[in-house]
Structures are given as structure tokens and as C-alpha cells.
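Could you have a look at this structure, given as C-alpha cells, before my questions?
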Amino acid sequence: MHIKILICSCNRIAIASNGKYEITRMHIPDGLLNAGTLVGTAVISTGGVAGAVRVVGKKLGEKQIPMMGVLAAFIFAAQMLNVPIVFGGTSGHFLGAALCVVLLGPWATLIILTLVLIVQCFIFQDGGILALGANIFNMGIVGGGAAYLIYQLGLKLFENNVRTKTILSFAAAWCSVVLASVACSLEIVISDVIPLRVVLPAMFGTHAIIGLLEGAITVAALTLLRKTRADLLDLQESWQTDEE
Amino acid sequence: MKNKKWWLVAFAFCLLLATFAPLASAAPDGLERVVEDHNLTERIIEPPFVLIADYLFPGIQNEAVAGVLAGWIGTILVFALAFTLVWLIARKNNTKTPSDTARINNG
């Protein structure tokens, strides 16, 4: 265990001393997107978060408060844990949008992911300050929104049992990661950085695999919750159907 | 209270996850990979200030210790922020429309 830690640390130093790109990041840094894209996504994200605060303020019950805190902490901790994915020295990590959507709905998800992104941006210098709106848009609005639509549509189309919910949460998780990466690719294309035919396959390829990881963690977390605190799941589900 | 204990265990689990941060892969993630592969690193603007860059607590020689410390700080900070913010939102709401919250809480 100790040796492993040492080896990992060495890798990190090696990568850091390789070039200019010193700070380890997983979110969009400043300098990549153009002003128009930054402003556009920032405006949408600000509106979205304002709406989310309003909706959550109306709907939130006492029981959801610790859930939101712990879920945010879980997402932060899990996002740090990059796992190597099959090809060419690329890693992937958890996003958490779908897990959050299944447990608390899309609005609470947007608030939680925004908080996580704010802490990552200002304390950990992960994700640019100017690009914060774009990062919130990609993960909170596109990722969370996609997960919500897929999960809810699936619940309407298929028989409502544990197996369906498991499959749906896996699908929602995969799509949230892949669509967030597609949104990010489109922003890069709109900013005239690299052409679509270059960035989209690269982003789609890696995130299609990362999405499988996302699905697995989402399903595992939900299963664990169902086994230990099924009342929380039921609570959220009744809360969500209330919403419609 | 049984529920309270469960939440504490859940939060402890988050801290445990953060403890494994030094074991995380240092390979670039999906977006970083694209940035590196297409020589976009020069475009990146470094942040105006740096607090805990690289998920390593500054000033600590041992990277494993620095990583664990950074992970714990972040996890506790995110929890505290989320809990406080949501509590504030909910409290404001509870004082405004107590009947609404009661209805929601009852299912």
C-alpha cells in the first residue's frame, strides 16, 4: 500500500514537471473558450441556478437537508478519484449528476453540482473562474437535465420496478456523462479552437467509457442505499412525483 | 437517533473515499487529454490565485499526506457549504409557508 502511494506520487510529479500545464484539472480551464461562449453559458447557468434555488426552497423538506450535504461531499470526494481507462494513458472519474437526479431531482442536482464546482474552482483551481458558467452548464444543466429526462421517460414507458430503475439509472448516468462531454466539445468548436471532427470523436470516445464507470458507481450507490435506507429512496420518489 | 448515526457513517464514508485520493490515476482525464493532444496547453490561462492547486495541500513534502489533507478539507468544506446553504433555503421557506412544508414532509 505504501509503495503504491509513492509510485502514484511520482507519476504526478512527472506529469506536473513535464510542461506548462502544471495544475491537474478535470474541468474547463480559462483560455480555452471564447468570450461569447463564456457569456452565453454563464447567463444560462445563472438563470438555471436562480430557478433551482427557488424550486428547491419551495419543495425541500427537513429530511433532504442532510442528504444534500452528504451527497455533495460524496460527489466531491468521488470526483477526485481518477481511474485509468482502457486506452492510452487517459483517466476518468465520477460525475454524480445522475445519482443526484435519481435521489433528489434535477433542481437539487444543479445546486449540488454548482456548489462542488465553485469549491473546485476557487479553492482547488480546478476549472477556470471565467469558465465556471460553462462547467455548470455542461455538468449541472446538460448532464443533470439529460439524466432527469431519461430517467423520467423510462419510468413512464416501462414497468415500474427495481430492475427497471436500476437499468434506467445506469442509462441516465451514461448519457449524462456523454452528453456533458458533447456539450463541452460543442463549446470548444464554437470557440473555434479545434474542429468538430477532431474534438467530438476524442471526447465522445473517452467519455463513452467513463460513462460505463459512472453507470456502475451510480447503480452501486443506489443499491447500497436501497439496502440500508430504502426510506430515503421512497421519500425522494414520492417527492419527485409530487413535482409533476 | 438512528438516522443521525446513519448520516454520520455516510459522511465518514465520504472522508474515507477522500483518503484514497493519493491513489488516484495521475493520467489526464478526457478533456485534459484533448487539450494535451492538440497542443492547446499554451492557450490555458493560469488562475489569478492559487490555494490548494493539484489537490495537494501546499507546503507539505509528502505528497500522499498533502493529497489526503486536501481531500479531507474539500470534502468537509463542500458538506458544510451544501448543508448550510440548503438549511438556509429551507428555513426561509419553512417560516414563510409552514403548511406547504408540512404537506411535502407528509408525502
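How many nm separate the modelled label positions at A:Lys63 and A:Asn34, each set 7 Å beyond the Cα in the direction of the Cβ?
Rounded to a tenth, the inter-label distance reads 5.0 nm.
Accessible area per residue, 1.4 Å probe, Å², for the range A:4-243: what's the number? Walk me through the intermediate numbers first.
On the way: 9140 Å² over 240 residues.
Roughly 38 Å² per residue, with all protein chains present.
Something else about it: Among A:Ala134, A:Ala72, A:Ala230, whose mean-square fluctuation peaks in a Gaussian network model of chain A (Cα, cutoff 10 Å)?
Of the options given, A:Ala230 has the highest mean-square fluctuation.
Which chymotrypsin sites (Phe, Trp or Tyr not before Pro) in the range B:1-94 pass both tests, a DSSP loop state and at most 10 other beta-carbon atoms within 10 Å?
Details: sites: B:Trp6, B:Trp7, B:Phe11, B:Phe13, B:Phe20, B:Phe49, B:Tyr55, B:Trp72, B:Phe79, B:Phe83, B:Trp87; in loops: B:Phe20, B:Phe49.
Qualifying residues, ordered by number: B:Phe49.
Taking amide hydrogens as modeled 1.01 Å from N in the peptide plane, which residues meet the under 5 Å criterion relative to A:Gly92, leaving out close sequence neighbours?
A:Val83, A:Ile85
For the range A:46-84, run through the trypsin sites (Lys or Arg not before Pro) and keep only the ones in DSSP coil with at most 15 other Cβ atoms within 10 Å of their Cβ. Can you show the working numbers first?
Working: sites: A:Arg54, A:Lys58, A:Lys59, A:Lys63; in loops: A:Lys63.
Answer in residue order: A:Lys63.
Another question, if that's okay. I'd like to know which of A:Leu95, A:Val219, A:Asn34 lies farthest towards the positive end of the charge dipole of the range A:4-243, counting +1 on Cβ of Lys and Arg and -1 on Cβ of Asp and Glu.
Positive-end residue among those listed: A:Val219.
For the range A:103-244, which semi-axes, largest first and in whole Å, follow from the square roots of 5 times the eigenvalues of its Cα gyration tensor?
Working: eigenvalues 167, 64, 36 Å².
Semi-axes (√(5λ), whole Å): 29, 18, 13.
Distance between the C-alpha centers of the range A:148-193 and the range A:67-89? Whole Å please.
Between the Cα centres of the range A:148-193 and the range A:67-89 lies a distance of 18 Å.
Do me a favour and compute the ellipsoid semi-axes for chain A from its Cα gyration tensor, root of five times each eigenvalue, largest one first, whole Å. Don't skip to the end; give the middle numbers.
Values: eigenvalues 174, 94, 64 Å².
Semi-axes (√(5λ), whole Å): 29, 22, 18.
Here is a further query. For chain A, modelled as a GNM with alpha-carbon contacts under 10 angstrom, which of A:Thr41, A:Thr206, A:Thr228 fluctuates the most?
A:Thr228
Dipole of chain A (Lys/Arg Cβ +1, Asp/Glu Cβ -1, origin at the Cα centre): which of A:Phe137, A:Ala73, A:Ile85 lies farthest to the positive side?
Going by the charge dipole, the pick is A:Ile85.
Moving on to the next point. Over the range A:4-243, what is the mean sequence separation of C-alpha contacts under 8 Å (at least six apart), divided by residue count, expressed as relative contact order in percent?
Working: 304 pairs, mean separation 56.6, N = 240.
Computed over the range A:4-243, the figure is 24 percent.
Here is a further query. Starting from the range A:54-108, pick out the chymotrypsin sites (Phe, Trp or Tyr not before Pro) whose DSSP state is loop and whose Cβ has at most 15 other Cβ atoms within 10 Å. Walk me through the numbers on the way to the answer.
Working: sites: A:Phe74, A:Phe76, A:Phe87, A:Phe94, A:Trp107; in loops: A:Phe87, A:Phe94.
Loop-located and lightly packed - A:Phe87.
Using a 1.4 Å probe on the protein chains only, how many percent of the accessible area of the range A:4-243 belongs to carbon and sulfur?
Values: 6560 of 9140 Å².
Answer for the range A:4-243: carbon and sulfur cover 72 percent of the accessible area.
Starting from the 7 Å offset along Cα-to-Cβ, what nm value, one decimal, do you get for the label separation of A:Phe204 and B:Phe13?
Roughly 3.6 nm, to one decimal.
Compute the whole-percent fraction of alpha carbon pairs in the range A:156-204 spaced more than 12 Å apart.
On the way: 775 of 1176 pairs.
Above the 12 Å cut-off, the range A:156-204 has 66 percent of its Cα pairs.
About its Cα centre, what dipole magnitude does chain A give when the only charges are +1 on Lys and Arg Cβ and -1 on Asp and Glu Cβ, stated in debye to the nearest 20?
Working: 15 positive and 14 negative charges, 80 e Å.
It comes to approximately 380 debye.
How high is the FRET efficiency from A:Ile190 to A:Ile44, r the C-beta distance, R0 22 Å, rounded to 0.05?
Numbers: r = 14 Å, r/R0 = 0.61.
Working from the Cβ atoms, E equals 0.95.
The values are calculated or read from the model by the stated rules, or taken from the named source; none is laboratory data. Since the model is a prediction, treat every value here as computed from it, not as a measurement. No Cβ is skipped: glycine too gets one built from the backbone with ideal geometry, and neighbour counts run over all protein chains shown. The area values use the complete protein model at the heavy-atom level, side chains included, leaving out ligands, DNA and RNA. Shrake-Rupley method; radii C 1.70, N 1.55, O 1.52, S 1.80 Å.
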